[in-house]
Amino acid sequence: MPAEPRTLAVVPARGGSKGLPDKNIRTLAGMPLIEHSLRLAALCPEIARTIVSTDSEAIAEVARRAGGEVPFSRPAELGADGTPMAAVLRHALAELDPDGGAFDFLLLLDPTSPGRLPSDVAEAHRLLAARPEADGVVAVSEPSFNPIWHSVTAGEDGFLERLIGSGQTYTRRQDVPRVLRINAALYLWRTGYIRSAPDEWLSPRHLALEIPDLRAFHIDSAEDLRLAELVLTTGLVALPWLTAP
């Protein structure tokens, strides 16, 4: 039997967020946001090692208190607003696996998308292992509206125009092709792809892992954080590390 792939999970958490300062360590459902990703990783047997990549000592300290490993300090040039995530992941691999023999897969767990489950991670691994020609797996979900039919722009004259021209060819909602959105809940890649991937990382050889849109919340603002708190505290979404005794 072939050996199980060895997976490195990377939790990226830079310190310079402007939309919601210190968002990676804001409290959600009683624990720092970054801790949700660490708790999730601890429940996934597919993950061989989980590390936090950060340029902030404050974030690093919160991560360590939650049991996270922070093996290096991310260079300042990889902490800017426009830094591509691919560069951050290449740096992590260069630091932890310079010879390329320690890990087969890399799992990206963004702290600001904490609604994923261990079963999502397991299914992503199953999908990627079963398709050797694939570069990676990307979490997606079906939004509550179909952009082909409903998305418009407002011109300088104030009149609406369809964003997607093909939408006018459909007269019934049932006929519009189904659309999925990338929701940032998780990304799983082969490490060889990450080492050579361009900063625009989405090659045509990515598989979709669909999760319910209710669990696909992403936190970039104070309003996002309050809505996520409501979803979790009312039981609309149950995360196992919050409900375990």
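The values are calculated or read from the model by the stated rules, or taken from the named source; none is laboratory data. Since we're looking at a predicted model, the values are computed, not measured. No Cβ is skipped: glycine too gets one built from the backbone with ideal geometry, and neighbour counts run over all protein chains shown. Remember, those area values only see protein heavy atoms, side chains included, never the ligands or the DNA or RNA. Shrake-Rupley method; radii C 1.70, N 1.55, O 1.52, S 1.80 Å.
Being within 25 Å of ARG116 (Cα to Cα), touching a residue at least 60 places away in the same chain (Cβ under 8 Å) and outside any strand (DSSP E or B), is that true of even one residue in region 180-191?
Within region 180-191, one or more residues are within 25 Å of ARG116 (Cα to Cα), touching a residue at least 60 places away in the same chain (Cβ under 8 Å) and outside any strand (DSSP E or B).
Residue under question is GLU35, and the condition is that it be crowded, with 18+ Cβ neighbours inside 10 Å, free of Cβ contacts under 8 Å to residues at least 40 places away in the same chain and of a type outside the set (A, V, I, L, M); does it hold?
yes
How many of the residues in region 162-177 are part of a loop (DSSP other than H, G, I, E, B) and open to solvent by 100 Å² or more (accessible area, probe 1.4 Å)?
Counting residues in region 162-177 that are part of a loop (DSSP other than H, G, I, E, B) and open to solvent by 100 Å² or more (accessible area, probe 1.4 Å) gives 3.
Need pairs with beta-carbon distance below 9 Å; first residue closer than 13 Å to ARG178 by Cα and within region 147-159, second open to solvent by less than 60 Å² (accessible area, probe 1.4 Å) and in a loop (DSSP other than H, G, I, E, B); sequence gap 6+ or separate chains.
Filtered contacts from region 147-159: PRO147/ILE164; PRO147/VAL179; ILE148/ILE164; ILE148/VAL176; ILE148/PRO177; ILE148/VAL179; TRP149/ILE164; TRP149/VAL176.
Can you find a residue in region 100-114 that is charged (D, E, K, R) and assigned to a helix (DSSP H, G or I)?
no
Considering region 129-161 alone, what residues qualify as being closer than 27 Å to PRO212 by Cα, outside any loop (DSSP other than H, G, I, E, B) and open to solvent by 70 Å² or more (accessible area, probe 1.4 Å)?
Correct list: HIS150, VAL152.
Of all residues being crowded, with 18+ Cβ neighbours inside 10 Å and charged (D, E, K, R) in region 49-96, which is nearest to THR191 (Cα to Cα)? Just the residue, please.
In this case the residue turns out to be ARG90.
Any residue at all in region 178-187 that is aromatic (Phe, Trp, Tyr) and open to solvent by 40 Å² or more (accessible area, probe 1.4 Å)?
no
How do the helices (runs of 4 or more DSSP H) wholly within region 1-96 filter down when requiring 1 or more residues that are basic (Lys, Arg), closer than 20 Å to ARG116 by Cα and in contact with a Lys or Arg (Cβ under 6 Å, 6 or more places away or on another chain): which remain?
Result: empty, no element qualifies.
Filter region 193-217 for residues that are touching a Ser or Thr at 6+ places or on another chain (Cβ under 9 Å) and outside any loop (DSSP other than H, G, I, E, B); which is surrounded by the fewest Cβ atoms within 10 Å (Cβ to Cβ)?
Step by step, filter region 193-217, then rank; the result is LEU214.
Among the numbered criteria (1) modelled with pLDDT of 85 or more; (2) farther than 26 Å from PRO84 by Cα; (3) open to solvent by less than 40 Å² (accessible area, probe 1.4 Å); (4) among the polar types (S, T, N, Q), which one does THR112 miss?
Every condition holds for THR112 apart from (2).
Among ASP224, ASP220, which is the only one that is part of a helix (DSSP H, G or I) and closer than 30 Å to ALA63 by Cβ?
ASP224
Do you know which of the residues in region 230-245 that are over 20 Å from SER144 (Cα atoms), in a helix (DSSP H, G or I) and open to solvent by 40 Å² or more (accessible area, probe 1.4 Å) is modelled with the lowest pLDDT?
The residue in question is THR243.
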